[in-house]
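Undergrad: Pasting in a structure now, in structure tokens, and then I'll have a few things to ask.
The values are calculated or read from the model by the stated rules, or taken from the named source; none is laboratory data. Nothing here was measured: the structure is a model prediction, and the numbers come from that model. No Cβ is skipped: glycine too gets one built from the backbone with ideal geometry, and neighbour counts run over all protein chains shown. Surface accessibility is based on the protein's heavy atoms, side chains included, excluding ligands, DNA and RNA. Shrake-Rupley method; radii C 1.70, N 1.55, O 1.52, S 1.80 Å.
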Amino acid sequence: MLMPDRDPREGKEISPEKQRQNRRYLLLLILNTLLFFMLYRILLAYAELTDKTFGSFLLMVLYMALLLGFGLAYLIYNRFFYRSGVTPEQLPADWSEEQKTDFLEDARKRVEKSKWMLLIIFPLVFTFFIDAVDLFIIDPFLRG
């Protein structure tokens, strides 16, 4: 099975609805990755064919700016994940149980609401990773 039946963080069983959402998210992630990567490679090849090195430079800068922007937005929105892994016992003793629950629930909601940004961040990281492997590992062996 592609998706686990239990949540590894909480040990709870994952509902069929959540499994469907996760499968849909995984499919979107794969499709976005293919789309971002193919678009990147096609535009780089076009810039190389037309001898427009400035075009390839702009494309790389655009992808880097997107990655930086979405990466920072994801981290800032999730408050740099300083709330992850916090238990109610670690929160201030003068807080009520309701405040502690709200604090912890807010962190979970933020991660869930910002999950869509990962559909852009991961394809950009993958594209740059493959480009770096091509540039620094594969290309020297083919030319060497």
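Undergrad: Just wondering, is there one or more residues in the range 73-87 that are loosely packed, with under 15 Cβ neighbours inside 10 Å, closer than 20 Å to Thr33 by Cα and not charged (D, E, K, R)?
TA: Step one: filter the range 73-87 for residues loosely packed, with under 15 Cβ neighbours inside 10 Å, giving 73, 75-77, 79-82, 84-87.
Imposing the further condition that a residue be closer than 20 Å to Thr33 by Cα reduces the set to 73.
Imposing the further condition that a residue be not charged (D, E, K, R) reduces the set to 73.
So far as the range 73-87 goes, yes, one or more of its residues are loosely packed, with under 15 Cβ neighbours inside 10 Å, closer than 20 Å to Thr33 by Cα and not charged (D, E, K, R).
Undergrad: If I filter the range 89-125 down to residues being β-branched (Val, Ile, Thr) and under 20 Å from the mean Cα position of the chain (by Cα), which single residue comes out as most open to solvent (accessible area, probe 1.4 Å)?
TA: Among those residues, the one meeting the criterion is Val125.
Undergrad: Is there a residue being in contact (Cβ under 8 Å) with a residue 60 or more places away in the chain and under 29 Å from Thr127 (Cβ atoms) anywhere in the range 15-28? Full working, then the answer.
TA: Step one: list which residues in the range 15-28 are in contact (Cβ under 8 Å) with a residue 60 or more places away in the chain, which gives 25, 28.
Of the ones still in play, those that are also under 29 Å from Thr127 (Cβ atoms) are 25, 28.
The answer is yes, given that some residue of the range 15-28 is in contact (Cβ under 8 Å) with a residue 60 or more places away in the chain and under 29 Å from Thr127 (Cβ atoms).
Undergrad: Could you identify the single residue in Phe129, Phe70, Phe122 that is free of Cβ contacts under 8 Å to residues at least 12 places away in the same chain, in a helix (DSSP H, G or I) and not β-branched (Val, Ile, Thr)?
TA: On the way: Phe70 fails: free of Cβ contacts under 8 Å to residues at least 12 places away in the same chain; Phe122 fails: free of Cβ contacts under 8 Å to residues at least 12 places away in the same chain.
That would be Phe129, the only listed residue that is free of Cβ contacts under 8 Å to residues at least 12 places away in the same chain, in a helix (DSSP H, G or I) and not β-branched (Val, Ile, Thr).
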